[in-house]
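**Q** First the structure, which I've put down as structure tokens, then a few questions once you've had a look.
The values are calculated or read from the model by the stated rules, or taken from the named source; none is laboratory data. On a predicted model such as this, the values are computed, not experimentally measured, just so you know. Using ideal geometry, Cβ is built from the backbone for each residue, glycine included, and neighbour counts are taken over all protein chains shown. Remember, those area values only see protein heavy atoms, side chains included, never the ligands or the DNA or RNA. Shrake-Rupley method; radii C 1.70, N 1.55, O 1.52, S 1.80 Å.
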Amino acid sequence: MTLLDSDVWAGKLFGDGWTDAGATRPVTEPATGDRLGTVGLATAEDAARAAARAAEAQRGWADLPPARRAAVLRRAGELLTAHAAEAEEWLVREAGSVRAKAAFEVGLAVGEFFECAGLPTHPQGEVLTSEEARWSLARRRPAGVVSVIAPFNFPLLLALRSVAPALALGNAVLLKPDPRTAVSGGVVLARLFEEAGLPPGVLHLLPGDGEVGRAVVEAPQVRVISFTGSTPVGRAIGEQAGRLLKRAHLELGGNNALVVLPGADVGKAASAGAFGSYLHQGQICMTTGRHIVHESLLEEYTAALAAKAAALPVGDPARADVALGPLIDRGQLERVHRIVTESVAAGATLAAGGETDGACYRATVLSGVTTDMPAWREEIFGPVAPVVGFATLEEAARIVDDCEYGLSVGILGDVGTAMKLADRIESGKVHINEQTVGDEPNAPFGGVKASGTGSRFGGARANAEAFTETQWVTIRPDIADYPF
């Protein structure tokens with residue numbers, strides 16, 4: 001069986017099966033510009049109809065025995081395991097992933113399915129004490145309809161990270177993937193759940209523009225919005241949701257710091273720094289965007305990082321064994337180069353890279369950076385590693401926190417010193433003797449400050465808090481006496 005046969009999904013939307021869309025969009029390979037297929041595009045009217053249908057279907061889905069819902073999640077995970085090569089190929093061709101990154105993403109997605117398959121049978125509440133002669137309970141109930149708006153960079157995983165727990169906990173889902181990765185971030189999931197036996201109408205696939213995004217937030221049936229993407233768009237969604245008294249879980253950008261402490265192994269530190277900055281061309285919210293190195297190691301570390309950057313091959317990951325593939329589109333390529341050139345004009349030095357190569361950008365290291373330069377202040381979302389020095393732990397903590405974002409920090413070197421630094425900084429995640437990029441299905445994930453609204457994904461507790469409502473229930477043996 002071919003899971004992703006385009007005859008099933010080309011030019012169509014998914015909800016009650018596959019239906020023809022009123023408009024379509026070509027699926028384009030960023031490395032070559034080649035056309036890979038055609039996806040259906042939704043309209044705001046499609047989203048409104050899908051929300052109404054999802055609300056109807058959600059009731060029956062939530063009423064199924066927990067084991068039935070769990071079985072659908074497990075079966076979807078088994079199907080992705082069996083069809084991993086197909087999913088990986090779409091990540092390579094459509095999202096510009098190198099093959100190792102594609103395999104890593106699919107592996108995490110399989111783990112997400114199996115982790116979420118346990119949610120339906122987890123405890124769904126607690127017994128409370130009461131001053132009255134009654135039982136007092138707090139139980140978790142499905143929120144209802146959840147809208148998931150997912151990005152292009154890890155399209156499969158970052159959509160599934162919300163879709164899987166929301167479905168497992170008895171919700172229906174409206175999924176709006178980025179139109180640039182609508183197959184790997186949408187069609188793949190729709191086909192997996194379809195083949196796994198998810199009832200019709202419970203999951204709706206709605207690729208589209210900003211109008212569709214607004215529609216899946218505003219639909220009155222939607223109670224929770226889960227958005228992963230840029231901070232400016234996240235702010236707008238948060239404001240929109242707030243006016244409508246809806247919960248919005250926002251996993252936003254990051255300009256993440258890697259701190260190299262005195263005495264750290266420079267070779268290993270440079271390897272960690274290169275991985276953190278250049279994995280998937282730096283197009284990850286957790287990418288190492290700032291290298292903060294003790295002054296005793298600054299020159300040696302910069303040279304070692306530059307040597308690694310210069311040795312990394314770039315190109316089309318579908319046709320060559322490369323370390324860096326293309327950026328998602330021409331606009332992002334031009335933005336990355338603008339930030340680099342503006343920083344060099346302001347006084348930074350190119351230690352490596354700084355060049356385009358077709359649709360790719362070469363791994364870049366900037367030395368002589370000051371903290372007011374664009375390459376330091378902005379989330380670049382490209383393979384650029386600016387490096388600055390520090391003298392004291394207090395200075396390192398100040399530099400880390402002098403940033404609007406607070407998603408992930410890596411600290412390399414002495415563990416005791418790293419623990420002291422970790423206690424002084426604001427970050428949703430801290431990785432000691434690891435770089436900044438890391439994710440596991442059972443671990444809470446999220447950031448603070450402009451990186452989002454906290455750890456709202458991953459693990460039973462965070463997922464339950466994200467996608468259920470708490471209901472207070474009291475029970476007496478007889479009708480209570482009242483004074484009226």
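**Q** Measure nothing fancy, just the Cα-based angle from helix 155-168's long axis to the longest principal axis of the chain, in degrees from 0 to 90, nearest 10.
**A** With both axes taken from Cα atoms, the answer is about 30 degrees.
**Q** Work out, step by step, the length gained on full extension between Ala460 and Ala23: first 0.36 nm times the residue separation, then minus their alpha carbon distance; give nm to one decimal.
**A** Stretched out fully, the Ala460 to Ala23 stretch lengthens by 153.4 nm.
**Q** Compute the FRET efficiency between Glu126 and Asp478 as 1/(1 + (r/R0)^6), taking r as their Cβ-Cβ distance and R0 = 25 Å, and round to the nearest 0.05.
**A** 0.55
**Q** While we're here: How large is the helix-only mean residue ellipticity at 222 nm for the chain, computed as the sum of -39500 (n - 2.57) over DSSP H runs with n ≥ 4, divided by its residue count, in deg cm²/dmol to the nearest 500?
**A** -12000 deg cm²/dmol
**Q** Against the 2.2 N^0.38 Å scaling, with N counting residues, where does the range 300-430 land? I'd like the Cα-based Rg ratio to two decimal places.
**A** Output field value: 1.14.
**Q** Determine, for each peptide in 374-382, 248-256, the mean count of other beta carbons within 10 angstrom over its residues, then list the peptides with the highest first.
**A** So the peptides 374-382, 248-256, ranked by packing, come out 248-256, 374-382.
**Q** If you don't mind, there's one more thing I want to ask. With charges set only on the Cβ (+1 for Lys and Arg, -1 for Asp and Glu), what does the dipole of the range 95-220 come to about its Cα centre, in debye to the nearest 20?
**A** So the dipole magnitude of the range 95-220 works out to roughly 160 debye.
**Q** Taking the square root of 5 times each eigenvalue of the Cα gyration tensor, what semi-axes in Å does the equivalent ellipsoid of the chain have, largest first?
**A** Equivalent ellipsoid semi-axes, largest first: 40, 29, 19 Å.
**Q** So, one more: Place a +1 charge on the Cβ of each Lys and Arg in the range 317-454 and a -1 charge on the Cβ of each Asp and Glu, then give the dipole magnitude about the Cα centre in debye, rounded to the nearest 20.
**A** With Lys and Arg at +1 and Asp and Glu at -1, about 180 debye.
**Q** Mean separation of Cα pairs under 8 Å and 6+ residues apart, divided by the residue count of the range 282-334: what relative contact order is that in percent?
**A** It comes to 20 percent, rounded to a whole number.
**Q** Treating cross-link reach as a plain straight distance, find the lysines whose alpha-carbon is under 28 Å from the alpha-carbon of Lys420, omitting any fewer than eight places away in the same chain.
**A** Lys268, Lys429, Lys449
**Q** Note down the nm distance, to one decimal, between modelled labels 7 Å out along Cα→Cβ at Glu195 and at Ala52.
**A** 3.3
**Q** Still on this structure, I have one more. Could you tell me whether the range 44-95 comes out rounded, prolate or oblate from its Cα gyration tensor? Rule is a ≥ b ≥ c as square roots of the eigenvalues, rounded for a/c under 1.5, then prolate if a/b exceeds b/c, otherwise oblate.
**A** Judged from the Cα gyration tensor, the range 44-95 comes out oblate (a/c at least 1.5, b/c at or above a/b).
**Q** Mind computing the radius of gyration and Dmax over the alpha-carbon atoms of the range 285-363? Å is fine for both.
**A** Computed over the Cα atoms of the range 285-363, radius of gyration and Dmax are 13.8, 42 Å.
**Q** Still on this structure, please answer the following. Between Ile225, Ala182, Gly208, whose Cα lies farthest towards the positive end of the dipole of the range 137-232 when Lys and Arg beta carbons carry +1 and Asp and Glu beta carbons carry -1, centred on the Cα centre?
**A** Ile225
**Q** I would also like to ask the following. How would the range 405-484 be classified by its alpha-carbon gyration tensor: rounded, prolate or oblate, with rounded meaning a/c under 1.5 and the a/b versus b/c comparison settling the rest?
**A** Here the range 405-484 falls in the prolate category.
**Q** How big is the dipole moment of the chain about its Cα centre under a simple scheme where the beta carbon of each Lys and Arg is +1, that of each Asp and Glu is -1, and everything else is neutral? Debye, nearest 20, please.
**A** Taking the Cα centre of the chain as origin, the dipole is about 840 debye.
**Q** Moving to a separate point now. With the full set of protein chains in place, find how many percent of the accessible area of the chain is carbon and sulfur; take the probe as 1.4 Å.
**A** In the chain, the share of accessible area belonging to carbon and sulfur is 52 percent.
**Q** So, one more: Taking H as built 1.01 Å from N, whose amide H comes closer than 5 Å to the amide H of Phe457, not counting residues under 5 places away?
**A** Hits under the 5 Å cutoff: Phe445.
**Q** Excluding residues on the same chain fewer than 8 positions from Lys101, give the lysines whose Cα lies under 19 Å from its Cα.
**A** Lys308
**Q** Convex hull over the alpha-carbon atoms of the range 1-69: what's its volume per residue in Å³?
**A** 139
**Q** Return the distance in nm (one decimal) between the two label points of a simple spin-label model at Asp63 and Glu434, each offset 7 Å from Cα along Cα→Cβ.
**A** For the pair Asp63/Glu434, the computed spacing is 4.4 nm.
**Q** Viscosity 0.890 mPa s, temperature 25 °C: Stokes-Einstein D of the range 94-157 from its Kirkwood Cα radius, in µm² per second?
**A** It diffuses with D of about 156 µm²/s by this estimate.
**Q** Quick check: Cα centre of the range 294-316 to Cα centre of the range 123-183, how many Å?
**A** The range 294-316 and the range 123-183 have Cα centres separated by 42 Å.
**Q** Hey, another quick one. For the range 87-177, with the dipole built from +1 on Lys and Arg beta-carbon atoms and -1 on Asp and Glu ones, taken about the Cα centre, which of Ala150, Leu167, Phe114 lies farthest toward the positive end?
**A** Ala150
**Q** A further question on this structure: Once R0 is set to 25 Å, what does the formula 1/(1 + (r/R0)^6) return for the Cβ-Cβ distance between Glu394 and Ala310, expressed as a FRET efficiency to the nearest 0.05?
**A** The computed FRET efficiency comes out at 0.15.
**Q** If you don't mind, another one. Expressed as an acute angle from 0 to 90° and rounded to the nearest 10, what is the orientation of the C-alpha long axis of helix 44-63 relative to the principal long axis of the chain?
**A** 60
**Q** Quick check for you: which residues of the range 288-303 have the amide N under 15 Å from the point 7 Å beyond the Cα of Asp402 toward its beta carbon?
**A** So the set is 290-295.
**Q** How large, in Å, is the range 232-378 by the Kirkwood hydrodynamic radius built from its alpha-carbon pairs?
**A** 16.7
**Q** Hey, can you find the accessible area per residue of the chain for me, probe 1.4 Å, expressed in square angstrom?
**A** 40
**Q** Next up: With an 8 Å Cα cut-off and a minimum separation of 6 or more residues, compute the relative contact order for the range 167-285 in percent.
**A** 19
**Q** To continue, here is another question. Taking the DSSP beta bridges in the chain as the whole, what percent of them are antiparallel, to the nearest 5?
**A** Bridges in the chain are about 45 percent antiparallel.
**Q** In addition: For the pair Ala236/Glu295, report the inter-label distance in nm, with labels modelled 7 Å from Cα in the Cβ direction.
**A** 4.5
**Q** Rg to Rh ratio, the range 11-129, alpha-carbon atoms and Kirkwood radius?
**A** 1.07
**Q** As I understand it, the dipole of the chain uses +1 on the Cβ of Lys and Arg and -1 on the Cβ of Asp and Glu, about the Cα centre. Which of Thr28, Gly238, Leu393 lies farthest toward its positive end?
**A** Positive-end residue among those listed: Gly238.
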